[in-house]
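Participant: Have a look at this one before I ask anything.
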Amino acid sequence: MANPVAEVRGLTKRFGDRTVLDGLELTVGRGEFVALLGRSGSGKSTLLRVLAGLDDDVDGRAEVTGTVSVAFQQPRLLPWRKVWRNVVLGLRQDGVAKSRNRALAEKALTEVHLAEHADDWPLTLSGGEAQRVSLARALVREPDLLLLDEPFGALDALTRISMHGLVQDLWRRHRPGVLLVTHDVDEALRLADRVLVLDGGRIVAAHRPREADDHDNLRRRVLADLGVTEDAVA
């Protein structure tokens with residue numbers, strides 16, 4: 001793949017006698033939106049932790065070109081910092097950079113439609129609003145690779161749909177490579193250029209939803225890849 005932002009080659013991760021990732025091969029291109037599906041315990045979040053630089057106790061190679069940001073299922077906002085300060089958490093706070101941080105935060109919050117909440121405390125936000133702050137915090141760094149670890153899993157159905165539209169809009173505007181981990185087949189098919197299924201520590205299937213003519217059939221195929229029968233979801 002030309003111009004990749006993430007390359008994984010022969011990646012193996014073990015927890016004691018258990019192999020979670022087994023010689024995994026994966027490439028994410030710049031501007032590509034990839035969704036990763038798999039049953040619980042299949043290693044999806046472990047892979048994201050490796051790419052985020054949070055776990056280097058692995059065999060094989062996992063390289064990211066440029067900057068990386070992560071948005072987790074839980075927003076992980078610091079309740080003693082106002083919203084705008086949470087957005088720029090981790091950015092330089094000294095000298096000229098400090099004077100720019102408020103402006104950077106306000107710009108990012110405007111993109112996620114929360115500019116009016118810049119001076120609020122995190123505990124006053126709804127779940128969906130808090131998750132949008134988490135996205136603003138990830139995007140303020142202008143990442144080359146954006147990692148999304150089930151960021152909509154704790155949201156109600158209507159808020160989740162709204163967040164899908166927001167994420168797609170932000171992705172089209174900023175064009176990072178995106179790797180989304182999710183358990184939701186419909187979410188993956190709705191958002192991604194490429195949907196991958198992880199099983200046994202390896203990628204066992206790949207689909208391209210935007211090229212599919214029959215999405216109902218594609219959904220059935222993806223569910224089958226996950227070991228789910230039509231009777232189970234009827």
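The values are calculated or read from the model by the stated rules, or taken from the named source; none is laboratory data. Nothing here was measured: the structure is a model prediction, and the numbers come from that model. Note: ideal-geometry Cβ built from the backbone for every residue, glycine included; neighbour counts use all protein chains shown.
Participant: Name the residue that is surrounded by the most Cβ atoms within 10 Å (Cβ to Cβ), counting only residues in the range 5-20 that are part of a strand (DSSP E or B) and of a type in the set (Gly, Ala, Ser).
Facilitator: Ala6
Participant: Taking Thr110 as meeting all but one of (1) free of Cβ contacts under 8 Å to residues at least 12 places away in the same chain; (2) among the polar types (S, T, N, Q); (3) touching a helix residue (DSSP H, G or I) at 6+ places or on another chain (Cβ under 6 Å), write down the number of the exception.
Facilitator: Here Thr110 meets the rest and fails (3).
Participant: Which of the residues spanning the range 42-71 are buried (at least 20 other Cβ atoms within 10 Å of the Cβ) and among the hydrophobic types (A, V, I, L, M, F, W, C)?
Facilitator: Across the range 42-71, the qualifying residues are Leu47, Leu48, Val50, Leu51, Val58, Ala62, Val64, Val68, Val70, Ala71.
Participant: Among the candidates Leu77, Leu146, Leu170, single out the residue that is surrounded by 18 or more Cβ atoms within 10 Å (Cβ to Cβ) and in contact with an Asp or Glu (Cβ under 9 Å, 6 or more places away or on another chain).
Facilitator: Leu170
Participant: Here's a check for you: in the range 173-184, which residue that is out of contact with any helix residue (DSSP H, G or I) (no Cβ under 7 Å at 6 or more places or on another chain) and surrounded by fewer than 21 Cβ atoms within 10 Å (Cβ to Cβ) is nearest to Leu114 (Cα to Cα)?
Facilitator: Residue satisfying both the conditions and the ranking: Arg173.
Participant: How many residues are part of a helix (DSSP H, G or I) and either at pLDDT 90 or above or surrounded by 14 or more Cβ atoms within 10 Å (Cβ to Cβ) (or both) when one looks only at the range 185-215?
Facilitator: 8
Participant: Which count do you get for residues in the range 21-56 that are part of a loop (DSSP other than H, G, I, E, B) and more than 23 Å from Gln73 (Cα to Cα)?
Facilitator: Residues flagged as part of a loop (DSSP other than H, G, I, E, B) and more than 23 Å from Gln73 (Cα to Cα) within the range 21-56 amount to 1.
Participant: If you go through the range 24-37 one residue at a time, do you hit one that is of a type in the set (S, T, N, Q), modelled with pLDDT of 90 or more and surrounded by fewer than 21 Cβ atoms within 10 Å (Cβ to Cβ)?
Facilitator: yes
This table checks each residue for (1) out of contact with any Leu (no Cβ under 9 Å at 6 or more places or on another chain); (2) under 30 Å from Asp199 (Cα atoms).
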position: Ser40; (1), (2): yes, yes
position: Trp80; (1), (2): yes, no
position: Leu89; (1), (2): no, no
position: Val112; (1), (2): no, no
position: Pro122; (1), (2): no, no
position: Ser126; (1), (2): yes, no
position: Ala138; (1), (2): no, yes
position: Glu150; (1), (2): no, yes
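Participant: Here is a further query. Could you tell me whether Arg85 is free of Cβ contacts under 8 Å to residues at least 24 places away in the same chain, closer than 22 Å to Leu191 by Cβ and surrounded by fewer than 20 Cβ atoms within 10 Å (Cβ to Cβ)?
Facilitator: Against the criterion (free of Cβ contacts under 8 Å to residues at least 24 places away in the same chain, closer than 22 Å to Leu191 by Cβ and surrounded by fewer than 20 Cβ atoms within 10 Å (Cβ to Cβ)), Arg85 does not qualify.
Participant: Going through the range 153-184 one residue at a time, which ones are part of a loop (DSSP other than H, G, I, E, B), of a type outside the set (D, E, K, R) and farther than 21 Å from Arg49 by Cα?
Facilitator: If the condition is that a residue be part of a loop (DSSP other than H, G, I, E, B), of a type outside the set (D, E, K, R) and farther than 21 Å from Arg49 by Cα, then Leu155 is the only one that fits.
Participant: Taking the residues in the range 88-128 that are part of a helix (DSSP H, G or I) and among the polar types (S, T, N, Q) as candidates, determine which candidate is modelled with the highest pLDDT.
Facilitator: Thr124
Participant: Still on this structure, please answer the following. Could you check the range 190-229 and list, in sequence order, the residues that are in contact (Cβ under 8 Å) with a residue 40 or more places away in the chain and over 16 Å from Arg39 (Cα atoms)?
Facilitator: Result: Leu191, Ala192, Asp193, Arg194.
Participant: Considering only residues that are acidic (Asp, Glu) and within 15 Å of Val87 (Cα to Cα), look in the range 129-165 and name the one that is modelled with the highest pLDDT.
Facilitator: Among them, the one singled out is Glu129.
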